[in-house]
């Protein structure tokens, strides 16, 4: 999620935690429902507090995944809160079946511990008779009991084998013990998408949030399967295998009109820009179009070129380069060898290479 759409809540354990602006829609929905039920201000505030407390449990759930991933050698960038729950952006998930099983299980186990602590509190300290609790309205008395129940629901829901939910990942890790990760992911994806269709259908009659979750599962399963497929095809290649060295070169003081004329008659997706004969940056097609709209054809390349695109090493595994370019949404990146510019690589070329290698396999 882009930072301008989220409120930063801090960076514990080096993991950025933020809440997406759409979370406010959930609070507004809770308020509207409470008013329609005729609840007073005190009860509405208790409902809002409950939602905030429940999502604090969701954050702890995501930290369970994240800290376990870090312990097992993975990398975690951020945790984002959405109306449908939390998303941990684990940029490098441990791929051993056992490790993935532990990472996937860690989140639900956090909620089990929370539920156990709440049960001990309500049973020993408060002495509440759980059989006599009413769940229609949240009050100061039943607050911890309903929170305990909600945590148990989170555990049960997340253990549904609907990839990429936790249960689906647990299922894939078990399948990976007997088959390739790609095949295991494909099976988990197909089952996950069946659950997604069920969620969407159920959401039409019961809770609209199920529709959102269904589409999240549907799209998430497909996207992750595609990523695993890319890794399987590209795993034996490096950036040097497809780096483009015969690049169209322009000087930073050339006009945008000159660049536009050249790009019209070439297949280049962008230009290497030099300054005094040395590499200075890249002019992408999008840079060129924006520049022409802003400065006209007499504008200079140096005013619109991209100077701060992070390069990749020529010896980097091709899949790592693909993932880096894809995550940072670059069109073209420079390729370096010990700090020296060696050429460029772009997302479209990697996609084309992937399609060719897949057809040949």
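The values are calculated or read from the model by the stated rules, or taken from the named source; none is laboratory data. Because the structure is a prediction, the values reported are computed rather than measured. All Cβ positions, glycine included, derive from the backbone under ideal geometry; neighbour counts span all protein chains shown.
Looking at 34, 24, 66 in this structure, which one is outside any loop (DSSP other than H, G, I, E, B), surrounded by fewer than 13 Cβ atoms within 10 Å (Cβ to Cβ) and free of Cβ contacts under 8 Å to residues at least 60 places away in the same chain? Break it down stepwise before answering.
Working: 34 fails: surrounded by fewer than 13 Cβ atoms within 10 Å (Cβ to Cβ); 66 fails: surrounded by fewer than 13 Cβ atoms within 10 Å (Cβ to Cβ).
The unique qualifying residue is 24.
Of the residues that make up the range 285-297, is at least one at pLDDT below 90, more than 29 Å from residue 92 (Cβ to Cβ), in a loop (DSSP other than H, G, I, E, B) and touching a helix residue (DSSP H, G or I) at 6+ places or on another chain (Cβ under 7 Å)?
The answer is yes, given that some residue of the range 285-297 is at pLDDT below 90, more than 29 Å from residue 92 (Cβ to Cβ), in a loop (DSSP other than H, G, I, E, B) and touching a helix residue (DSSP H, G or I) at 6+ places or on another chain (Cβ under 7 Å).
When only residues in the range 1-21 that are part of a loop (DSSP other than H, G, I, E, B) and free of Cβ contacts under 8 Å to residues at least 12 places away in the same chain count, which is surrounded by the fewest Cβ atoms within 10 Å (Cβ to Cβ)?
Per the stated criteria, the residue is 2.
Considering only the range 106-150, how many residues are within 28 Å of residue 172 (Cα to Cα) and crowded, with 21+ Cβ neighbours inside 10 Å?
6
When you go through (1) assigned to a helix (DSSP H, G or I); (2) surrounded by fewer than 15 Cβ atoms within 10 Å (Cβ to Cβ) one by one for residue 315, which number turns out not to apply?
(1)
How many residues does the range 219-246 hold that are free of Cβ contacts under 8 Å to residues at least 12 places away in the same chain, assigned to a helix (DSSP H, G or I) and under 16 Å from residue 182 (Cβ atoms)? Give the derivation first.
Step one: of the range 219-246, the residues free of Cβ contacts under 8 Å to residues at least 12 places away in the same chain are 219, 223, 226, 236, 246.
Within this subset, residues satisfying the condition of being assigned to a helix (DSSP H, G or I) are 219, 223, 226.
Now restrict to residues that are under 16 Å from residue 182 (Cβ atoms): 223, 226.
Of the residues in the range 219-246, 2 are free of Cβ contacts under 8 Å to residues at least 12 places away in the same chain, assigned to a helix (DSSP H, G or I) and under 16 Å from residue 182 (Cβ atoms).
Test residue 280 against the stated conditions and say whether it is surrounded by fewer than 17 Cβ atoms within 10 Å (Cβ to Cβ) and in the same structural domain as residue 345 (by TED's automatic domain parsing). Reasoning before the result, please.
Working: surrounded by fewer than 17 Cβ atoms within 10 Å (Cβ to Cβ): no; in the same structural domain as residue 345 (by TED's automatic domain parsing): yes.
When the stated conditions are applied, residue 280 does not pass them.
Conditions tested, residue by residue: (1) touching a strand residue (DSSP E or B) at 6+ places or on another chain (Cβ under 6 Å); (2) under 30 Å from residue 359 (Cβ atoms).
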residue	(1), (2)
231	no, yes
234	no, yes
237	no, yes
242	no, yes
245	yes, yes
250	yes, no
257	no, no
261	no, no
270	yes, yes
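Exactly one condition in (1) over 26 Å from the mean Cα position of the chain (by Cα); (2) loosely packed, with under 13 Cβ neighbours inside 10 Å is false for residue 355; which is it?
(1) is the only condition that residue 355 fails.
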